[in-house]
Amino acid sequence: MPTSRPVPPTLVDANRLWVNSRLRALAQRRIEAPLLLRLGGRVPGGQVLELGTGRRGTGLRLALEVFGAGHADGVERFGASVAACREAVRDLGTRVDVQEGDATSLTAAAAAYDAVFGYHVLHHSDAWRDVVREAARVLRPGGRFYSCEMTARFVDSRPLRAVSRHPADGDRPTPEGIAAACRGAGLTVVGQQTRLAGCWTALVATRP
Ligand SMILES: C[S@@+](CC[C@H](N)C(=O)[O-])C[C@H]1O[C@@H](n2cnc3c(N)ncnc32)[C@H](O)[C@@H]1O
């Protein structure tokens with residue numbers, strides 16, 4: 001079992017510099033969303049959910065602008081991030097709604113959504129397999145789970161562990177692990193691309 005004990009940041013806090021940054025939003029818009037779109041297609045007029053919105057709400061914005069969703073809900077674990085995210089997407093009006101909540105135990109009804117998006121929420125979650133299970137539960141038949149993640153290979157690498165904190169659950173997402181968790185949750189993987197020598201993966205899975 002690989003250890004994933006977090007090492008306190010010693011040089012710079014990479015999470016603070018990267019997560020919620022403009023550069024991160026640009027990477028999400030220019031690289032991640034287009035790839036997810038190629039793998040899984042649009043969700044025209046759909047009701048969608050984003051897990052772990054962060055403070056900028058870029059995923060919610062992309063759900064509407066790039067994927068064509070009609071309404072996007074967001075669930076974020078930390079109250080301060082919920083407040084910041086609401087402020088960041090205020091211009092989108094009633095087309096978005098952000099609530100504090102835990103992606104491992106969603107309050108949404110089963111089959112409530114046409115799509116669920118998760119950008120880098122799995123490797124920040126204490127029990128990421130439960131997040132996948134919950135995503136599958138709230139998808140309607142034919143609905144799709146869109147996921148982009150940094151993988152164990154990167155998150156547990158010495159350089160990254162030196163400058164960032166992640167949950168110490170000893171079970172990081174790998175490309176194969178995420179695909180297997182989707183299958184275990186009853187989803188069918190329709191496309192996956194892994195890049196950067198296995199450090200990053202994008203996957204789309206559908207609920208039969
Ligand atoms: C690395 S950030 C990614 C933020 C944004 N999605 C992005 O891609 O830039 C991970 C986010 O997931 C949130 N998160 C972690 N575990 C969560 C959980 N169990 N439920 C909801 N949000 C969670 C964190 O608070 C954080 O905002």
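The values are calculated or read from the model by the stated rules, or taken from the named source; none is laboratory data. Fair warning: this is a prediction, and the values are worked out from it, not measured in the lab. A quick note on method: Cβ atoms are made from the backbone with ideal geometry, for glycine too, and the neighbour counts reach across all protein chains shown.
Residues of the stretch 41-60 being on the phi < 0 side of the Ramachandran plot and either in contact with a strand residue (DSSP E or B) (Cβ under 8 Å, 6 or more places away or on another chain) or crowded, with 24+ Cβ neighbours inside 10 Å (or both), which ones? Give the derivation first.
Keep residues of the stretch 41-60 that are on the phi < 0 side of the Ramachandran plot, which gives 42-44, 46-51, 53, 55-56, 58-60.
Listed by number, the residues that qualify are Val43, Gly46, Gln47, Val48, Leu49, Glu50, Leu51, Thr53, Thr58, Gly59, Leu60.
So in the stretch 36-71, with the set limited to residues that are within 24 Å of Ala127 (Cα to Cα) and among the small types (Gly, Ala, Ser), which one is farthest from the chain's Cα centre (by Cα)? Break it down into steps so the answer makes sense when it comes.
In the first step, residues of the stretch 36-71 are kept if they are within 24 Å of Ala127 (Cα to Cα); the result is 36, 48-60.
Adding the requirement that they be among the small types (Gly, Ala, Ser) leaves 52, 54, 57, 59.
Working: Gly52: 6, Gly54: 10, Gly57: 12, Gly59: 9 Å.
My answer is Gly57.
Of all the residues that make up the stretch 131-176, how many are more than 15 Å from the ligand (Cβ to nearest atom), within 19 Å of Thr53 (Cβ to Cβ) and touching a helix residue (DSSP H, G or I) at 6+ places or on another chain (Cβ under 6 Å)?
Residues that pass the stated criteria total 1.
Considering only residues of the stretch 146-177 that are buried (at least 21 other Cβ atoms within 10 Å of the Cβ) and in contact with a Leu (Cβ under 6 Å, 6 or more places away or on another chain), which is farthest from Gly118 (Cα to Cα)?
By that ranking, first place goes to Pro173.
Out of all the residues in the stretch 91-110, which are more than 12 Å from the ligand (Cβ to nearest atom) and either touching a helix residue (DSSP H, G or I) at 6+ places or on another chain (Cβ under 7 Å) or of a type in the set (D, E, K, R) (or both)?
Across the stretch 91-110, the qualifying residues are Asp91, Leu92, Arg95, Val96, Asp97, Ala108, Ala110.
Output the number of the condition that Arg55 fails; it satisfies all remaining conditions of (1) out of contact with any Lys or Arg (no Cβ under 9 Å at 6 or more places or on another chain); (2) of a type in the set (Lys, Arg); (3) in a helix (DSSP H, G or I).
(3)
From (1) surrounded by fewer than 22 Cβ atoms within 10 Å (Cβ to Cβ); (2) in contact (Cβ under 8 Å) with a residue 40 or more places away in the chain; (3) of a type outside the set (D, E, K, R), pick out the condition that doesn't hold for Ala109.
Going through the list (1) surrounded by fewer than 22 Cβ atoms within 10 Å (Cβ to Cβ); (2) in contact (Cβ under 8 Å) with a residue 40 or more places away in the chain; (3) of a type outside the set (D, E, K, R), Ala109 breaks only (2).
State yes or no: is Val7 of a type outside the set (S, T, N, Q), more than 11 Å from the ligand (Cβ to nearest atom), in a loop (DSSP other than H, G, I, E, B) and modelled with pLDDT under 95?
Details: of a type outside the set (S, T, N, Q): yes; more than 11 Å from the ligand (Cβ to nearest atom): yes; in a loop (DSSP other than H, G, I, E, B): yes; modelled with pLDDT under 95: yes.
Yes: the conditions hold for Val7.
Name the pairs whose Cβ atoms lie under 9 Å apart, with the first residue in the stretch 141-162 and in a helix (DSSP H, G or I), the second among the aromatic types (Phe, Trp, Tyr) and modelled with pLDDT under 90, and 6 or more positions between them or separate chains?
Correct list of pairs: Leu160/Phe154.
If you go through the stretch 61-81 one residue at a time, how many are assigned to a helix (DSSP H, G or I), at pLDDT 95 or above and buried (at least 21 other Cβ atoms within 10 Å of the Cβ)?
Adding up the residues that qualify gives 3.
So which residues in the stretch 44-85 are within 11 Å of the ligand (Cβ to nearest atom), of a type in the set (Asp, Glu) and within 15 Å of Ala33 (Cβ to Cβ)?
Matches in the stretch 44-85: Glu50 only.
Quick check: is even one residue across the stretch 121-139 among the polar types (S, T, N, Q) and under 18 Å from Thr201 (Cβ atoms)? Reasoning before the result, please.
If we filter the stretch 121-139 for residues that are among the polar types (S, T, N, Q), which is where we start, we get 125.
Then drop every residue that is not under 18 Å from Thr201 (Cβ atoms), which leaves 125.
Yes, some residue in the stretch 121-139 is among the polar types (S, T, N, Q) and under 18 Å from Thr201 (Cβ atoms).
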